[in-house]
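**Student:** Dumping the structure here so I can ask a few things about it.
The values are calculated or read from the model by the stated rules, or taken from the named source; none is laboratory data. These figures come from a predicted structure and were not determined experimentally. Here the Cβ positions follow ideal geometry from the backbone for every residue, glycine too, while neighbour counts run over all protein chains shown.
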Amino acid sequence: MKFLSIKVVPVVAWSSAHPLNFQPRWLTLFFLCFGLSLFGLGEALLIAAGAGVSPWTVLAQGLGQQLGLSIGWSTFLVSACVLLLWIPLKQVPGIGTLANAVIISLVIEQALPYLPATDHYLLKVLEGLIGILLVGIGSGIYLTAHLGAGPRDGLMTGLARLSDYPIAWVRTTLEISAVSMGWLLGGSVGLGTLLFAFGIGPAVSLGLFLVRHLFRETE
């Protein structure tokens, strides 16, 4: 269980020296895109499973109900607020921040028609668990490119750096907070939502752990 103690994103051979790097090496771009593609496939599996939406979608649902906004606009509002929290945390965006939205959306769009949708609840849960694992491992890979994180991943790494707590526990706390607020505001919670809330933190840490131990970490 050593992977649960990881506190920072490791620096490996392909890591960029700074997120604001507009001419990254091809190897850096490859791992950024590969990690985000796995992330997107995992998100697609979660959607196909139909066992419950993610905690941040629950928050967007609840916020939308209270403010009279569509799920699209409320999701945008949540993401914008998360990005504002980057400022005191001194998180720096990069091309990975933009790629996060573009690549994940494209992979979900292309993968969903080919993924199994079942009425068997245990198979739904299994598909959801595989999705969570892929999202976590994909996160661990793309974050090591150091080209900028997505809104929630950036909040996670910024808080982990500031608090010196393991990434797994920081992410789990964020997810539980999001789903709790969303539920209180009227969002809907399913078993898949709870699995994601408690599982994504350890899954991201596992992804970072695998990268750090399969590839030589640099100083």
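**Student:** Based on what the data block shows, is Gln61 of a type outside the set (A, V, I, L, M), more than 27 Å from Phe34 (Cα to Cα) and either out of contact with any Lys or Arg (no Cβ under 6 Å at 6 or more places or on another chain) or surrounded by fewer than 20 Cβ atoms within 10 Å (Cβ to Cβ) (or both)?
**Tutor:** In short, yes.
**Student:** Can Leu67 be described as more than 17 Å from the chain's Cα centre (by Cα), surrounded by 22 or more Cβ atoms within 10 Å (Cβ to Cβ) and farther than 25 Å from Ser205 by Cα?
**Tutor:** no
**Student:** Yes or no: Leu41 assigned to a helix (DSSP H, G or I), within 20 Å of Phe198 (Cα to Cα), in contact with a Leu (Cβ under 6 Å, 6 or more places away or on another chain) and modelled with pLDDT of 90 or more?
**Tutor:** Yes: the conditions hold for Leu41.
Condition check ((1) in contact with a Cys (Cβ under 9 Å, 6 or more places away or on another chain); (2) part of a helix (DSSP H, G or I); (3) modelled with pLDDT of 90 or more; (4) within 11 Å of Phe39 (Cα to Cα)) across all residues:
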| site | (1), (2), (3), (4) |
| --- | --- |
| Leu126 | no, yes, yes, no |
| Leu129 | no, yes, yes, no |
| Tyr142 | yes, yes, yes, yes |
| Ala149 | no, no, yes, no |
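**Student:** Also, quick follow-up: Does His213 satisfy being in a loop (DSSP other than H, G, I, E, B) and either surrounded by 19 or more Cβ atoms within 10 Å (Cβ to Cβ) or free of Cβ contacts under 8 Å to residues at least 40 places away in the same chain (or both)?
**Tutor:** Taking the combined requirement at face value, the residue does not satisfy it.
**Student:** Which members of the stretch 184-210 meet the condition of being out of contact with any Phe, Trp or Tyr (no Cβ under 9 Å at 6 or more places or on another chain) and assigned to a loop (DSSP other than H, G, I, E, B)?
**Tutor:** Matches in the stretch 184-210: Gly186, Gly187, Ser188, Gly190.
**Student:** Just the residues that are of a type in the set (Val, Ile, Thr) and under 19 Å from Ala168 (Cβ atoms), please, taken from the stretch 180-219.
**Tutor:** Scanning the stretch 180-219 gives Thr193, Ile200, Val204, Val211.
**Student:** On to the next question. Looking at the stretch 1-26, which of its residues are of a type in the set (S, T, N, Q), part of a loop (DSSP other than H, G, I, E, B) and out of contact with any helix residue (DSSP H, G or I) (no Cβ under 6 Å at 6 or more places or on another chain)?
**Tutor:** Scanning the stretch 1-26 gives Ser15, Asn21, Gln23.
**Student:** Looking at (1) in a loop (DSSP other than H, G, I, E, B); (2) touching a residue at least 60 places away in the same chain (Cβ under 8 Å), which is the only condition Leu29 fails?
**Tutor:** Here Leu29 meets the rest and fails (1).
**Student:** Name the single residue that is farthest from Ile108 (Cα to Cα) among those in the stretch 50-73 being modelled with pLDDT under 90 and of a type in the set (Gly, Ala, Ser).
**Tutor:** Ser70
**Student:** Output the number of the condition that Pro113 fails; it satisfies all remaining conditions of (1) surrounded by fewer than 20 Cβ atoms within 10 Å (Cβ to Cβ); (2) in contact (Cβ under 8 Å) with a residue 40 or more places away in the chain; (3) over 24 Å from Val189 (Cα atoms).
**Tutor:** (2)
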